[in-house]
Amino acid sequence: MNVHQSNLMRGLMLIGGELVPSESGEWLESVNPATEETLGHVPQGTAADVNRAVAAAEAAHPAWAALEPKERAKLVKKLAQKLRDKTDDILRVEVVDTGNTITKMRADVASAGDTLDFYAGFHTEIKGEVIPASSKNLHFTIREPYGVVGRIIPFNHPIKFAANALAAPLMAGNCVVLKPPE
């Protein structure tokens, strides 16, 4: 056993604000595509885990949707800044996990932060419309969140695509369940 193998990571799923293993207790091996060395293990998510994640998102949705768009924007911008603050940590994991270069992954983290900030900037545009129905009546629309949105993240640029998958639905008042790549 080499030094790297003694420091294998064991990941967990974030469900309902808690880091948890899969209900099955099974794990997937994460392998460095360049060296085929085992990096660590991640939970083998099951349908029961997906149901648990969706239930947690449904429970969180009323409070998230009730936030004023300006408040959601502040939290989405905070997420963008946390990503930027953790760039080096993210790079250490993503470069060996995806096989991408440090330069590409650094650009992905920056892009992820920029995407979150961009959509947070639309908080003033979350509004309905007033439509003339006749000379005496107006119809109006109200933008309402859908609820829970499921997104699947591709393997090649997970941080960048995760931000792309989160930004608009979160700003619209939805909760998001992300399925990362194996």
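For the residue pair residue 129 and residue 84, what label-to-label distance in nm results when each label sits 7 Å from Cα along the Cα-to-beta-carbon direction?
About 3.5 nm separates the two model spin labels.
Got a number for carbon plus sulfur as a percent of the stretch 59-117's accessible area, 1.4 Å probe? Walk me through the numbers before you get to the answer.
Working: 1960 of 3400 Å².
Solvent-exposed carbon and sulfur of the stretch 59-117 make up 58 percent of the total.
Per residue, how much accessible area does the chain have with a 1.4 Å probe, in Å²? List each step's numbers first, then the result.
Values: 11520 Å² over 182 residues.
Here the per-residue accessible area is 63 Å².
Under 10 Å, Cα contacts only: if you run a Gaussian network model on the chain, which one of 87, 98, 35 comes out with the highest mean-square fluctuation?
Taking springs between Cα atoms under 10 Å, the residue moving most is 35.
Less than 17 Å apart at the alpha-carbon level, and either on another chain or at least 8 residues along: which lysines does that give for residue 179?
In chain and number order, the partners are 160.
Consider the candidate values [x] 70, 31, 28; [y] 80, 37, 22; [z] 91, 36, 31; state which one is Cα extents along the principal axes in Å computed from the structure displayed.
[y]
Which of the aspartates and glutamates could be linked to residue 74 by a straight reach, that is with a Cα gap under 13 Å, when you skip same-chain ones fewer than 8 residues away?
Candidates past the 8-residue exclusion: 117.
Please list, by residue number, every one of the trypsin sites (Lys or Arg not before Pro) in the stretch 1-110 that is coil in DSSP and has at most 16 other beta-carbon atoms within 10 Å.
Values: sites: 10, 52, 70, 72, 74, 77, 78, 82, 84, 86, 92, 104, 106; in loops: 86.
For trypsin sites (Lys or Arg not before Pro) across the stretch 1-110 that sit outside H, G, I, E and B with at most 16 neighbouring Cβ atoms in 10 Å, the list reads 86.
Taking the 0 to 90 degree range and rounding to the nearest ten, how far is the long axis of helix 102-120 tilted relative to the main principal axis of the chain, both from C-alpha atoms?
Taking Cα atoms only, the helix is inclined about 20 degrees.
The values are calculated or read from the model by the stated rules, or taken from the named source; none is laboratory data. Not measured: the values here are computed from a predicted model. Neighbour counts are summed over all protein chains in view; Cβ atoms, including those assigned to glycine, are modelled from backbone coordinates with ideal geometry. In case anyone asks, the SASA skips ligands and DNA or RNA and just uses the protein heavy atoms, side chains included. Shrake-Rupley method; radii C 1.70, N 1.55, O 1.52, S 1.80 Å.
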